[in-house]
Each structure stands twice: as structure tokens, then as C-alpha cells.
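This report concerns only the one structure given below.
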Amino acid sequence: MTGRPTNWAGNITYGAARFHRPATVERLQELVASSDAIRALGTRHSFNEIADRPGGDLVSLEDLPGTPELDPARGTVTAGAGVRYGELSRWLHGEGYALHNLGSLPHISIAGACATATHGSGDANGNLATAVSGLELVTADGEITVLDRRRDGDRLAGAVVGLGALGVVTRVTLDVVPTFEVRQYVYENLPWAALEEHFEEITSAAYSVSMFTGWNGPVIDQVWVKRRDGETGSWEPAPRWLGAVAAPADRHPLPDMSAVNCTAQMGVPGPWYDRLPHFRLGFTPSSGEELQSEYLLPRRYALAALRALDGIRETVAPVLQISEIRTVAADDLWLSPSYGRDVVAVHFTWKQDWPAVRRVLAVVEEALEPFEARPHWGKLFLTPPGRLASLYERLPDFRKLAADLDPAGKFRNPFLNDHLFAGDVPS
């Protein structure tokens, strides 16, 4: 790679001294073994410095072999870490299989999404990383390390959401299920009173449910309901639902943007990979002129936290493009924001004005402080390291795992040192 790359949003310019795009795993092993400071660079959809390695080496996985390999007997697929979910999903569907969940964007890579616990939506759906049953990674000595759920159990659970601190992931094995179809419906102007009275009913209405609001008043602007064909339950599409009205045409989460780049709605059936994300693979979801933050907190605090945010909406709304409210099922992945608890996730897509966003984030985090909110690892937050460490009971175990796989700390960077390893000096 040449030049000085930035992340997708353009708010981060990477400070690495050298950029590499190895075409083989063997070349990657040589790079890792010979470097004192190195990080992997995915599809650059993180909004903070988590992927950077100032003064060191950055390695893109885009040119590594990525051909998927299906194992029907085990119910898994193994693919190159740099493969994007949209590409893998189409291939899987052609083979008669599916992944259990997808994020809003199909443009993100498998390794990057899993390493940061990127999640998708659904009361019963774990984040994308919960599908990982095996990892192949190049560790600090340049050797290949393979972790498998059946053999390595808890150790794999520690490595999946690894934030790039354990090595460079080269191959990922994911659980698959038989392919399925989804119908997507959008409702507009859900009254806030209905949200308060029927929150559990709303989030459990379908396989995946997302709510969008600009925090401009006592309404949820849109509710996206993604219903899996054959799904049981009492909810059925109707012209009105809990005071909300069915949208008369396809919608974009932002009211002033065309829905052409969004996945089809209006109850039109389609394959899982073209309905579970909000945006289509063949289109850029936006110009990238945005910043993002997200906080995941225990479901038991959902309404109290949403009320707290509604109480500061006059501060939030002027700097906001849109906010999304989703649910995610609990998991056992050590550094997952959903570790040990079902969560509600509150996402903020901000205007690209970091000084203004920083001021508002301080107010948002103060409002959410009583609710054990864990920030998304790949987005913008101000949570102090001490506070962050207190939210992850397995962080001491993760530090030990990192010391085992990377004793000299060559995969660390300032972001990880500040947020994960404060006071911990590599041997």
C-alpha cells in the first residue's frame, strides 16, 4: 500500500510508518515475525484509533486468499478473514446455507466485525462473533495458531473478540444454518408512550427489530421489523401497529435520503442476506461524512436509559443524524459488550463535527453512567479506562491470554494500552 490511508469516515488518518498488502499467508508470517509493532487493518469501518499502529506496520488482509470452504457435517464455513460479509453471504445462500445474523452493513470484513463484537439485532440473536467456532491467526513469533471451540473452549471465547491484540487473524470458521427468507416492514411515528408500554412486545415482534429516532420529540420515527418466513408468534403486519403507521414505500433511516441503497421493504420476501442488513452490498450506504458512537447496556435498564436520553434530547438532536435502538442476546465472549447479559444497544450516527460530538458524548455518557453501559469498541466514546475495566470481569484473563500469545506486546497500540492494558507492561 502507498500513501497515507484514512478510515471510511475520514476522521482518522493512520499513523503507521509502513503499509503492507501481503498476497500469501507465508508473506504475512514473515512480516509479523520481523516487525516490532504491527496491526491488522480491515475494511476501515472503525471510528477510533483501534486499528492504527503509529510508527509501526499496518497489514491489510484484502489480498490474502479468501475462498470459503463449507463443512456440512460440522455445520460450518471457513473463509479468509478479509472476506466481506456480503460476499460470503451470497456464496453461502447459493450453497443452501445462512449465517444466523448480519450487521447493518454487509460491507464489513469477517475478522474486523468479530474482533470488535459488531452485532446486528434480535432478542434471540447473539452478535456476529458468537458464530465463530474456530480461528487461525499469525501470532507474535510468525507462527500459525489455530483455536477450535471443541478443543479450546474458553480460550477461544477469550480470543474471538480480540481487538487485534492477540495476532493477525487469517481464517475464520463460522457456524451456519439452513438458508431462509425474510420479509421486512417499516412503521412510522411510533408514539413514545407505546414504546414505554410495549417495549418487550416491540423488540420480540420478529427475528430482528430496529427503531430509529432523531430524538426530536415524543416519537420513534421508524420501526424496521424483519420477520423470518415460518417464524411463529402473534405479530402480523397491519396498516397500523401500536399507534404507528405502515410506511407507504421503502424508507431510508434518514428521512431526506433515497431508499435506493436500502434493502427491500414492504413485505417483499427475499434471502436473509438481502434483508437482515439495512443497506445493500452494491451501494455505498452514505458518503461517510459521519461519526458514530454506540452503548450497550443490560436489558433491565432499557426503559430507564431511554428515558434518560430523552431527557437530554435538546442537547443530542442538533449534532445527530439518526439514532438506532436494537437488542442483542447475551454471550460468553470475554470482551463482548453482550458478555453475560442480554442488552439493548443505542447507536448514534453523528454529524462529522468532532468538537461538538465530544461535548455531547460527555453529556450522553453522564446520562448512561448508572446503567452499566459498555461502549462499542470500534466507535467513539469517552469512557475512562478505569470505568471500562470495571465493566469487563474477564479482562484480567484476557490480559493473561495476550501475554501468552504476544509477550512483547507487538500487537498493542496506544488505544489498547490506554483502554485494556493501563499499568500492564509487556515482559
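Brief remarks follow.
- The aspartates and glutamates whose alpha-carbon is closer than 13 Å to the alpha-carbon of residue 379, local same-chain residues fewer than 8 away aside, are 49, 290, 294.
- The chain, relative contact order [Cα under 8 Å, separation at least 6], %: 17 percent
- Mean residue ellipticity at 222 nm, helices only, the chain: -6500 deg cm²/dmol; runs of at least 4 DSSP H residues each add -39,500 (n - 2.57), and the sum is divided by the number of residues.
- When the chain is treated as a Gaussian network with alpha carbon springs shorter than 10 Å, the biggest mean-square fluctuation among 90, 412, 326 belongs to 90.
- Across region 69-178, Cα pairs under 8 Å and at least six residues apart give a relative contact order of 34 percent.
- Rotationally averaged projected area of the chain (alpha carbon convex hull; nm²): 19.1 nm²
- Relative frequency of Cα-Cα separations exceeding 14 Å in region 319-386, percent: 64 percent
- Axial C-alpha extent at least 18 Å, average Kyte-Doolittle at least -1.0 - helices from the chain (DSSP): 354-368
Laboratory data are not the source of any read-out in this text; all were calculated from the coordinates shown. All figures in this text were calculated on a predicted structure; none of them were measured in a lab.
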